[in-house]
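Inspection log for the structure reproduced underneath, given as structure tokens.
The values are calculated or read from the model by the stated rules, or taken from the named source; none is laboratory data. It should be emphasised that the depicted structure is a prediction, and the values quoted were computed from it without experimental measurement. Glycine also receives a Cβ, built like all others from the backbone with ideal geometry; neighbour counts cover every protein chain displayed.
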Amino acid sequence: MLRSKSLSSKVADVVLISILVIVALTCILPLWYTLSLSLSSKTAAAAGAVALWPVDFNFDSYKQLLQDGQFFKSFWISIQRVVLGAGLNFIIVPLMAYPLSKTVKDFKGRNVLMWTLIFTMLFNGGLIPLYLTIKGYGLMNSIWALVLVGGAQTIVFNIILTINFFRNLPKSLEEAALVDGAGPWYILFKLYIPLSIPVLATISLFSIVYHWNEFLYGLIFMTREEFYPLQTYIQQLVVSVDPSTMTEDQYKRMSELSNRTLDAAKIFIAMIPVLLVYPFLQKYFIHGITLGSVKE
Amino acid sequence: MRTKGFAKHYYFMLAPGFVWLILFSIVPMFGIVIAFQNYNPGQGVFGSEFIGLETFKYMFTLNDTMNVFYNTIFIAIMKIIGNLIVPLVFALMLNEVRYMGLKRSIQTIVYLPHFLSWVILGGVLLDIFAYQGPVNQMLGAFGVDPVLFFGRADLFPFLVIGSDIWKEFGFNTIIYLAALTGINPALYEAAGIDGANRLKMLWHVTLPGIRTTAVLLAVLSLGNVLNAGFDQIFNLYNPLVYSTGDIIDTWVYRAGLLNLQYELATAVGLLKSVVGFILISLSYYLAYKFTNYRIF
């Protein structure tokens with residue numbers, strides 16, 4: 001861009017940057033507020049005295065959190081779910097993407113299979129049939145319900161990303177390997193996968209974030225709190241009140257009664273894993289957001 | 001080619017993934033027959049009496065469901081419009097910033113909320129907008145009486161729309177920014193030589209340069225007309241705001257899994273899936289027609 005040095009242009013810059021900074025602050029301040037709340041005293045939080053900085057700074061909420069066995073149980077369930085879910089995703093995606101990256105000429109069944117895959121991504125039977133199916137499989141209260149149901153709904157997207165990546169690898173690589181007598185397994189594992197680290201990192205991060213954040217399947221497939229993953233556990237913190245008779249006063253009292261500093265501490269801890277992988281996400285997610293591309 | 005006999009191996013590679021998708025995506029689809037049955041959980045899908053379209057007729061007589069359809073479409077369309085325009089404006093503003101460090105810092109901050117779950121952000125928002133929370137404190141400084149934000153049916157849809165835009169605008173700028181970097185710098189130079197100022201360049205170079213991207217995003221968002229955002233609303237709503245905030249997905253959850261009206265919930269869910277499938281297929285078709293975009 002050309003650099004113009006006129007005064008009006010400079011004023012425009014200042015205004016522009018101020019707006020951008022304020023908007024950026026609105027993205028981070030709510031999270032900062034949650035941290036402040038978790039480090040404040042209960043009375044200060046209940047009185048609404050907390051603003052940007054903690055009032056009566058203390059770690060009571062975090063000490064109290066340490067006593068909460070279920071929080072750590074749920075945290076551990078979420079970790080297991082992420083490892084199993086992202087692991088399975090990492091194995092299955094390249095295995096499916098490689099044959100499907102072939103043209104119909106090289107692999108006759110390719111198009112039918114591809115359209116079947118796309119169909120499972122775009123259509124679903126809805127929540128109730130899914131619930132009844134999983135119940136029928138006897139997977140209620142099993143971590144595999146979380147891993148396999150969630151995974152099946154996200155894997156096709158990841159496969160498409162990987163197909164697009166495979167197709168952009170130079171054709172001559174595979175041809176050279178073929179000349180040397182390499183088979184499809186060798187080409188996939190020794191040639192394609194090592195070259196596809198960026199896209200495999202991207203889909204793994206997507207899978208990790210998805211499995212960490214997903215809460216609904218924990219709620220419907222787990223019948224007891226002890227099996228809840230972390231997000232479901234946090235989601236259930238809100239006390240349930242009989243919906244038909246709830247009044248505005250009750251709603252207000254409910255939000256006042258709840259232990260806001262402790263809840264804030266739980267919310268903040270649950271945020272940390274995502275914050276930890278965030279630098280990697282930033283590095284890789286650019287690949288992922290453009291699912292398709294404009295082709296000639 | 002030396003790829004004869006590879007197809008057998010390709011099927012081996014695809015088998016585990018397809019078994020997974022058949023069991024967890026395709027089998028549940030057959031559960032939609034419940035919508036046409038007088039479903040009896042004891043007898044299951046195969047033993048229950050077939051009643052045709054009764055449930056669908058019943059569905060259209062319920063005020064409840066009509067209201068839910070309206071809420072869904074209203075919230076979803078408002079979100080689509082906001083999620084197209086706000087990121088575009090933000091990307092254009094960000095594009096004018098010449099300090100690379102500042103630009104990158106702003107980007108890092110505004111992308112973050114996208115990766116946090118609605119469980120977490122729902123908790124954060126309920127704190128921020130609590131009766132004694134910081135937003136009401138700020139309003140109090142201007143002499144405004146505290147507002148019970150998430151308890152007000154008239155405000156709820158707009159809080160939902162606004163907070164969704166807040167969560168996603170940063171991430172959505174990525175695509176626009178990618179398009180902006182694709183504009184040939186020579187065009188700006190030429191415009192500068194012709195005496196164009198920054199506004200003129202914006203109008204005559206930048207906007208035409210990202211028109212295709214904007215059209216593409218608008219067309220693709222057609223597929224979201226029935227997706228008002230289950231995760232978000234489920235974590236923010238309460239019985240006080242059902243009249244304006246209840247959407248198809250949250251209604252299906254309550255009708256099916258809490259009130260055990262399996263047939264009705266399946267029918268409503270099926271209607272949503274079918275219409276959604278048609279819309280998304282149409283959007284892909286139009287995207288291909290207009291911009292040559294293909295997902296694979």
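Of the residues B:Phe30, B:Phe50, the single one that is among the aromatic types (Phe, Trp, Tyr) and either within 14 Å of chain A (Cβ to nearest Cβ) or free of Cβ contacts under 8 Å to residues at least 12 places away in the same chain (or both) is B:Phe30.
Table: residues versus (1) modelled with pLDDT of 90 or more; (2) crowded, with 17+ Cβ neighbours inside 10 Å; (3) of a type in the set (Ser, Thr, Tyr).
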residue	(1), (2), (3)
A:Gln67	no, no, no
A:Val83	yes, no, no
A:Asn89	yes, yes, no
A:Arg110	yes, yes, no
A:Gly138	yes, no, no
A:Ser142	yes, no, yes
A:Leu148	yes, yes, no
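Please go through the stretch A:5-33 and pick out each residue that is at pLDDT below 90 and in contact with a helix residue (DSSP H, G or I) (Cβ under 8 Å, 6 or more places away or on another chain). Scanning the stretch A:5-33 gives A:Ser9, A:Ala12. Across the stretch B:91-149, the number of residues qualifying as touching a Leu at 6+ places or on another chain (Cβ under 7 Å), farther than 20 Å from B:Asp231 by Cα, within 8 Å of another protein chain (Cβ to nearest Cβ) and not hydrophobic (A, V, I, L, M, F, W, C) comes to 2.
The set of residues from the stretch A:157-184 being within 9 Å of chain B (Cβ to nearest Cβ), buried (at least 21 other Cβ atoms within 10 Å of the Cβ) and among the β-branched types (Val, Ile, Thr) comprises A:Ile159, A:Ile160, A:Ile163. Identification of helices (runs of 4 or more DSSP H) wholly contained in the stretch B:227-296 with 1 or more residues that are facing chain A (nearest Cβ under 7 Å), without any contact (Cβ under 8 Å) to a residue 60 or more places away in the chain and surrounded by fewer than 24 Cβ atoms within 10 Å (Cβ to Cβ) yields B:262-291.
Every test in (1) touching a Ser or Thr at 6+ places or on another chain (Cβ under 9 Å); (2) closer than 30 Å to B:Asn71 by Cβ is passed by B:Arg198 save one, and that test is (2). Checked across the stretch A:232-248, the condition of being part of a helix (DSSP H, G or I), buried (at least 18 other Cβ atoms within 10 Å of the Cβ), modelled with pLDDT under 95 and touching a Ser or Thr at 6+ places or on another chain (Cβ under 6 Å) holds for at least one residue.
Within the stretch B:1-56, the residues that satisfy the criterion of being aromatic (Phe, Trp, Tyr) and in a helix (DSSP H, G or I) are B:Phe6, B:Tyr10, B:Tyr11, B:Phe12, B:Phe18, B:Trp20, B:Phe24, B:Phe30, B:Phe36, B:Phe46, B:Phe56.
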